[in-house]
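What follows is a short report on a single structure.
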Amino acid sequence: MAVAAAAAVRADPAGAATERWAERRGRGEVSGTARGSSSGPVRADLEEVFRRDYERVVGVAARVLGARDEAEDVAQEVFLSFGRSNVPAAEARGWLSVAAAHTALNLLRSGRRRASREETAAAADSPVVSDVAEAVVTLEERRRVRAALARLPRKSAVALVLRHSGLSYADVATALDLSLGSVGTTVRRAESALRKELNRHASSD
Amino acid sequence: MRHPTEGVLRRLVDEPAGVADADRRHVADCAQCLSEVASLQQDATLVGAALATAGTSDVEAGWQRLQAAAHSARPPAAHPARAQAVPQPRTSRYRAFLRRPAAAALGVAVVLAGAGTAAANDWVKIFRTEQVAPISFSTSDLVSLPDLEAYGNLEITKETRVRTVPGAGVAAAQSGLDVPEVAGLPRGVTGDPVYQVGEEAAATFTFSPERAAEAAAQAGEPLPPEPAGLDGSSVRLVAGPGVAQIWTSSSGLPALVVGRAVAPTAYSSGVPFETVRDYLLSLPGLPTEIAAQLRTFTADGSTLPLPVPSDQVSTRTEQVDGHQATVLTTRDRLLSAVVWVEDGVVTVVGGALDDDELLDVARGLT
């Protein structure tokens, strides 16, 4: 049946993320996929959830991709998927964030992005300056950090991105099925790996 | 006391309140831990800055775009600034592409299976697949496709156990199929494939009037009158064995799959095929549009219907070695597959590649 299965093409945005979610929720229940829905194509609370979480979902994807327009495309896809899902409303934010991170990472890893995209987007934006003056990061460093992000184990990369997108440790633990205690370790290891791509202060520690 | 772990110190940077009092007291008095926290904090800040992007998004514009996409039941339109190249997640779609459709394909095929009048308790061969034909329906129809479990008992009598085997020779020996050889790999696909073999799979669907009545009641509609002899009628679908060669991309997901299997064959017991088909098609829950499309399939049975979401996948017909092949391409052109049947054996070339690249692979198989 493998062949017959492969023959029936069915595209599903954010499929990997939703499948992971479904796996976690137990096989067969298929929470968070389009298949479980029988009430119609679009869920009723979509607008409410969209307005509440859109900025965050774009933010998650933008941290991965470094380009806001691409991140908005990812967000559209993720919300479209969500709209046809039966993910419980209480879990929407975590689900959306995880789906956005996976979808964006897939895109980052696919290598099919236009090479100039990130550069153009970053050049159009002013240099990113955090409240710490020394944290001005060059374009080249940003590129290297993203390349390193794409090489990280999937869970580490998602945990890092979710944490930096403002999800609490408890949210990250729930969303990724990690123990609360291991979130800090996972995030730290990811940061340590990415930190190596930043020239500055390489020996300041 | 022992120094808190790095993970605890890292959390202290973000959520001091989440760290146990004892650990916080320790860190406050420990020069080594304080230095460690400062270092972790600096790394976190730098990495955060490297990942950050400036600007905000227009929520209202985003919502309008989503509504347009949802209402037109099409994938979201590309960002206006770059309609030419829409980078989308190939790999996640690919995963779905590989895993999802088995049940749906089987379900629809089972609905369509069963033709001619069969002697009671005798399995009569209805069809051997000689042709593949896509049935189009939109995604909203797809999610509301009735689960056949609601109308009877769908029993997987022989489950496929797919296993990896060491090479083409073993794959051929175990599947009894000629393992197609790929003449030249498309650009971007490298390395050696993994060979997988699946055994024969079989499923039997037996209609149950009780379940159908229940399903109808849930849909708030009366169950249409049941034709005589339908109760207990079964259709059986047998597929496989099959063999697949899978080239994996650097992300660990399949980049190219070349699969071949003995195409599904259907058997029937009980009432005529048309009776089963028309009755199932009349049951509450099946969108009328799909029902109309399914009705066009006749009982001669040489056709394997392939459910295809029309809003996301386009299809066309091409020739592969003199056989009519169906080419499926997702609307975003990220995934394609070429499917054809030759002498009761179905071959699929699929992947995250352009359809023309896959056609080249398909035509180059030896």
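Readers should treat all values here as calculations from the given coordinates under stated rules, not as data from a laboratory. In this text the structure is predicted, and so the values were computed from the model without any measurement. Backbone-built Cβ (ideal geometry, glycine too); neighbour counts: all protein chains shown.
Details
- Region B:57-64 - phi-based ³J(HN,Hα) in whole Hz, Karplus 6.51/-1.76/1.60, Gly and Pro as x: 10, 7, 5, 5, 4, x, 5, 4
- Residue list for region B:204-233, given a label point 7 angstrom along the Cα-to-Cβ vector of B:ASN153 and an amide N cut-off under 18 Å: B:204-215, B:229-233
- For B:LEU335, nonlocal amide neighbours, meaning residues 5 or more places apart or on other chains whose placed amide H falls under 5 Å from its own, are B:THR330.
- The mean sequence distance of close C-alpha pairs (under 8 Å, at least 6 residues apart), as a share of the length of region B:6-47, puts its relative contact order at 43 percent.
- Residue-averaged beta-carbon neighbours from other chains (10 angstrom radius) around B:59-70: 5
- Residue-averaged beta-carbon neighbours from other chains (10 angstrom radius) around A:171-180: 0
- Two-site label geometry, B:SER35 and A:ASP45: point separation in nm, points 7 Å out along Cα→Cβ: 5.0
- Label point distance in nm, B:ASP178-B:VAL194, each placed 7 Å from Cα along Cα→Cβ: 2.7
- Vicinal HN-Hα couplings computed from phi for region B:317-323 (Karplus, 6.51 cos²θ - 1.76 cosθ + 1.60; Hz; Gly/Pro x): 10, 9, 9, 10, 6, x, 10
- Shielding of A:151-163 by partner chains, average beta-carbon count, 10 Å: 1
- For region B:1-72, the set of trypsin sites (Lys or Arg not before Pro) satisfying both a DSSP loop assignment and a count of at most 12 other C-beta atoms within 10 Å is given as B:ARG2.
- Take the Cα of B:ARG316, step 7 Å toward its Cβ, do the same at A:GLU140, and the gap between the two points is 4.6 nm.
- Protection proxy ranking, highest mean first, for peptides B:41-52, B:320-331: B:41-52, B:320-331, where packing is the per-residue count of other beta-carbon atoms within 10 Å, averaged.
- Built from the Cα atoms of region B:6-47, the convex hull projects on average onto 2.6 nm², one quarter of its surface area.
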